[in-house]
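**Student:** The structure's right below; bear with me while I get my questions together.
The values are calculated or read from the model by the stated rules, or taken from the named source; none is laboratory data. All values derive from a computational prediction rather than experimental measurement. All Cβ positions, even for glycine, are placed from backbone atoms using ideal geometry, and neighbour counts span all protein chains on display.
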Amino acid sequence: MYRIRFHGRGGQGMKTASRILGSAFFEAGYEVQDAPRYGAERRGAPIFAYVRAAREPINERGIIQHPDLVIVADDTLVPVPASGVLAGVSACTVLLINSTEAADVWQHRLNISGPIITLPVAAEVEDRADLPYIGATCAGAAAQLIGVIPQQALIHAIETELGGLGSAVVERNLENALAAYELVAPHHGLASEGAAPHAQDYERPDWADLPLETARISAPTIYAAANSIEVRTGLWRTLRPVIDYSRCNRCWWVCSTFCPDGAIAVSADGQPQIDYDHCKGCMVCVAQCPPHAIAAIPEHQAQAEESQLAGTTGDPP
Amino acid sequence: MSRTLLTGNGAAAWGARLAHADYIPAFPITPQTEIIETLAQWIDTGQMDSRLVTLESEHSMITAAGGAAATGVRVFSATSSQGLLYAMEMLYTVAGWRTPFVLVNVSRGLSAPITLEADHNDVMAARDCGFLQLHCATCQEVLDNTLIAYRLAEDERVRLPVIVNLDGFYLSFTREPVIIPDPQETTAFVGPFNPASIHFRASAPESQAVAVLGGAPYSYFRYELHLAAQNALSVYDEIRAEFRETFGRDYPAVDAYHAEDAELVFVMLGSFATKARAAVDQLREAGWSIGLVQPHLLRPFPEPLLQQLLAGKRGVAVIDQNLSMGKGGVLHTELAAALYGHPDAPPVLASFIGGLGGRDITAEEFFEIARVLRDAVSAGRAPLPRLLYTRDELLEIRKLQAVAHVERKELGKTT
């Protein structure tokens, strides 16, 4: 059975990528299971989707624990533990990263022994959640790496999955998917089918007996705001609101009141401060600020400027 | 007939479409919403001739469903989790009215704490209300069972609403190959709704009871409902046989996989049962005498078939994806009641709780359940009930609790 996982941000089309690959497998005569996985996250949050394909009916279900192929549409997710990009990756797993950095840089950085291939295809865009055609591109590259999907099946899958969006959209996606298919042709068939888990020789689950604990500890009560400090929802952000204090008129309440996440605090003298660890980048404050003192800056650009600043001054941003 | 990739939600919508549901009261909730969105789109584009109405709550939605079904039209609705519970008062009421319709429930764990992912506590909460329950393990079953459910609900010998249950995420958002049967065949199979005695009309009053009853007449009506639900078992077998002849797919009230010659048996409901099936394949390859028994009907509870399939087994592991607080797994409890006193009943009936809130059950855990069961059979006594929960998972909770503790301190609540 082939087990494939796509990682990206909400909005980048990972569900579409899994459906294109699923349909292409189905077209090639395989039994298929494809599914996206996300909860209450919004655009920009790390999400993943997966595909299983086999010649026999598939009884396995749920999250893929041991992937044969992992595709990462957005390389900024690789170092984010919450995105789970590297979960279950072994020496047999092929890793395909959409990145302008070279494969050996990633090999060294991640210290993993399995093959890594980069796909330097996406032109940089302002809002990364809009990364154009990346879903179809990833599916195209995946089809080549798997090696059992004929080009015609890939084409037909894209036409099936995106047909409802009109012929212009289908054409642009086809163009990108086929370019990626060609680009990774030297690695044709690199990803291979993983084996079924063994009932004879398996890692025994280390089950725990839950102790009885008092309700003070074991009740999931939430009586206060700011109860999820360690959940860094700032990682979801693809655009960053930045306050121009020379234009801020210290109204003290508009941006902080409209912020749906309580991520803007106002100091005693009426100066707003954005908590970037938790600001999800919804840009409601940008729209609400009466003197237009808040600008939307692409997050990757803001981060690049920060690290440059850190490099020149030696101070953390 | 075509074989295509469909989600469980897509399959449920196809079931309603092929059954020609006339009226669809609706209210959105994750992970069900895709069903009513799909139906709304078909109605909007003229591909389906039906009336979809959005209500202000699930309570009103089920009231509207029951009210419409009482006039003799074919009704479909769908909900999930908190929505099913919000409708609970009316689930009992419309079942008491003996109005036949089909409600798809996309299983999702209940609050608090809140989750979006699958477990069966929602549908178990509706266990005693008078709705019959069909539990699906694949997307194909969702489509097929929606058709079967209409036949069962509308049969004069039954006349009860039916819940078709599928697991959130594991089926609702998962695409797999599904055969969409030929519409002419499905139309012939489901047939037109023959309302017979169901003909509630405005300005045409009719009564079969008084509004408030004493215990004895109340008991009569409630027990008749119970008898009708029990009667559904044999009616189901007739419908299932007809379905098998027409479409070539078979859904026995209890499915058995390699169970006949097995010494040990897993018992499970819903989509996780396919994972148990995969584990049985692996265990058999490693020389184990093990199988799977998977109830398809939960209400009526198919006792005779379960007694027969489990007779002579040495050990049974019931894996419940639900938890009755202060008791344990519901399926384990019901199975114990069904097997008690039978001379061939398995001596070891072990209880495992797993998959709460969508928590995965790994292949290795199925292998370990088999090992624990085998050891229990050797020792001659059932193990204590076991929650499938690892030390690493407990460690994760400890980390979160430590963070919460620090936060409490920062918030000035140091107790």
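**Student:** If a residue must be among the hydrophobic types (A, V, I, L, M, F, W, C) and over 19 Å from residue A:31 (Cα atoms), how many such residues does the stretch A:57-84 contain?
**Tutor:** 8
**Student:** Would you mind finding the one in B:264, B:309 that is surrounded by 16 or more Cβ atoms within 10 Å (Cβ to Cβ), more than 17 Å from residue B:141 (Cα to Cα), among the hydrophobic types (A, V, I, L, M, F, W, C) and touching a Ser or Thr at 6+ places or on another chain (Cβ under 8 Å)?
**Tutor:** B:264
Quick grid of which residues meet (1) crowded, with 18+ Cβ neighbours inside 10 Å; (2) within 19 Å of the chain's Cα centre (by Cα):
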| position | (1), (2) |
| --- | --- |
| B:10 | yes, yes |
| B:21 | yes, no |
| B:30 | yes, yes |
| B:82 | no, yes |
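**Student:** Could you check, for the stretch B:312-319, whether at least one of its residues is farther than 21 Å from residue B:262 by Cα and of a type outside the set (Asp, Glu)?
**Tutor:** no
**Student:** Could you list, ordered by first residue, the pairs with Cβ atoms under 9 Å in which the first is in the stretch B:1-29 and within 14 Å of chain A (Cβ to nearest Cβ) and under 17 Å from residue B:62 (Cβ atoms) and the second is surrounded by fewer than 23 Cβ atoms within 10 Å (Cβ to Cβ) and of a type outside the set (Val, Ile, Thr), at least 6 apart or interchain?
**Tutor:** Filtered contacts from the stretch B:1-29: B:29/B:82.
**Student:** Given A:36, A:46, which one is surrounded by fewer than 23 Cβ atoms within 10 Å (Cβ to Cβ) and more than 11 Å from chain B (Cβ to nearest Cβ)?
**Tutor:** A:46
**Student:** Any residue that is in a helix (DSSP H, G or I), at pLDDT below 95 and of a type in the set (S, T, N, Q) - is there at least one of those in the stretch A:112-120?
**Tutor:** There is no residue in the stretch A:112-120 that is in a helix (DSSP H, G or I), at pLDDT below 95 and of a type in the set (S, T, N, Q).
**Student:** Among B:333, B:390, which is the only one that is hydroxyl-bearing (Ser, Thr, Tyr), within 25 Å of residue B:109 (Cβ to Cβ) and facing another protein chain (nearest Cβ under 8 Å)?
**Tutor:** B:390
**Student:** Among what's in the stretch A:1-27 and is farther than 17 Å from residue A:177 by Cα and within 11 Å of chain B (Cβ to nearest Cβ), pick the residue that is surrounded by the most Cβ atoms within 10 Å (Cβ to Cβ).
**Tutor:** A:26
**Student:** Are any of the residues in the stretch B:378-397 hydroxyl-bearing (Ser, Thr, Tyr) and in contact with a Leu (Cβ under 7 Å, 6 or more places away or on another chain)?
**Tutor:** Taking every residue of the stretch B:378-397 in turn, at least one turns out to be hydroxyl-bearing (Ser, Thr, Tyr) and in contact with a Leu (Cβ under 7 Å, 6 or more places away or on another chain).
**Student:** Tally up the residues in the stretch B:359-370 that are within 8 Å of another protein chain (Cβ to nearest Cβ) and part of a helix (DSSP H, G or I), please.
**Tutor:** 6
**Student:** Please count how many residues of the stretch B:32-49 are surrounded by fewer than 17 Cβ atoms within 10 Å (Cβ to Cβ) and assigned to a loop (DSSP other than H, G, I, E, B).
**Tutor:** Result for the stretch B:32-49: 4.
**Student:** Hey, residue B:263 hits all of (1) more than 14 Å from chain A (Cβ to nearest Cβ); (2) among the charged types (D, E, K, R); (3) farther than 26 Å from residue B:191 by Cα; (4) within 18 Å of the chain's Cα centre (by Cα) but one; which does it fall short on?
**Tutor:** Exception for residue B:263: condition (4).
**Student:** So in the stretch A:225-246, with the set limited to residues that are part of a loop (DSSP other than H, G, I, E, B) and buried (at least 21 other Cβ atoms within 10 Å of the Cβ), which one is modelled with the highest pLDDT?
**Tutor:** A:237
**Student:** In the stretch B:228-241, what residues are touching a residue at least 60 places away in the same chain (Cβ under 8 Å) and over 23 Å from residue B:268 (Cα atoms)?
**Tutor:** B:228, B:231, B:235, B:239
**Student:** Do we find a residue being closer than 22 Å to residue A:62 by Cβ, facing another protein chain (nearest Cβ under 8 Å) and in contact (Cβ under 8 Å) with a residue 24 or more places away in the chain anywhere in the stretch B:338-357?
**Tutor:** No, there is no match, as no residue in the stretch B:338-357 is closer than 22 Å to residue A:62 by Cβ, facing another protein chain (nearest Cβ under 8 Å) and in contact (Cβ under 8 Å) with a residue 24 or more places away in the chain.
**Student:** Further question on the same structure: For the stretch B:70-185, which helices (runs of 4 or more DSSP H) that fit wholly inside it have 2 or more residues that are at pLDDT 95 or above and under 30 Å from residue A:27 (Cα atoms)?
**Tutor:** Helices (runs of 4 or more DSSP H) meeting the threshold: B:139-154.
**Student:** Further question: Say whether the condition of being aromatic (Phe, Trp, Tyr) and touching a Lys or Arg at 6+ places or on another chain (Cβ under 8 Å) is met by at least one residue in the stretch B:141-160.
**Tutor:** Yes, the stretch B:141-160 has at least one match.
**Student:** Answer yes or no: is there a residue in the stretch B:289-308 that is within 14 Å of another protein chain (Cβ to nearest Cβ) and aromatic (Phe, Trp, Tyr).
**Tutor:** The answer is no, given that none of the residues of the stretch B:289-308 is within 14 Å of another protein chain (Cβ to nearest Cβ) and aromatic (Phe, Trp, Tyr).
**Student:** On to the next question. Report the residue count in the stretch B:86-136 for those that are without any contact (Cβ under 8 Å) to a residue 60 or more places away in the chain, more than 25 Å from residue B:224 (Cα to Cα) and of a type in the set (A, V, I, L, M).
**Tutor:** Selection size over the stretch B:86-136: 3.
**Student:** While we're on this one: Would you pick out the residues in the stretch A:229-247 that are within 14 Å of chain B (Cβ to nearest Cβ) and more than 21 Å from the chain's Cα centre (by Cα)?
**Tutor:** Matches in the stretch A:229-247: A:229 only.
**Student:** If we scan the stretch A:179-187, do we find a residue that is buried (at least 17 other Cβ atoms within 10 Å of the Cβ), touching a strand residue (DSSP E or B) at 6+ places or on another chain (Cβ under 9 Å) and away from chain B (no Cβ under 14 Å)?
**Tutor:** Among the residues of the stretch A:179-187, at least one is buried (at least 17 other Cβ atoms within 10 Å of the Cβ), touching a strand residue (DSSP E or B) at 6+ places or on another chain (Cβ under 9 Å) and away from chain B (no Cβ under 14 Å), which makes the answer yes.
**Student:** Also: Given A:16, A:76, which one is modelled with pLDDT of 95 or more and β-branched (Val, Ile, Thr)?
**Tutor:** The unique qualifying residue is A:16.
**Student:** So how many residues does the stretch A:57-108 have that are within 14 Å of chain B (Cβ to nearest Cβ) and either in a loop (DSSP other than H, G, I, E, B) or touching a residue at least 40 places away in the same chain (Cβ under 8 Å) (or both)?
**Tutor:** 14
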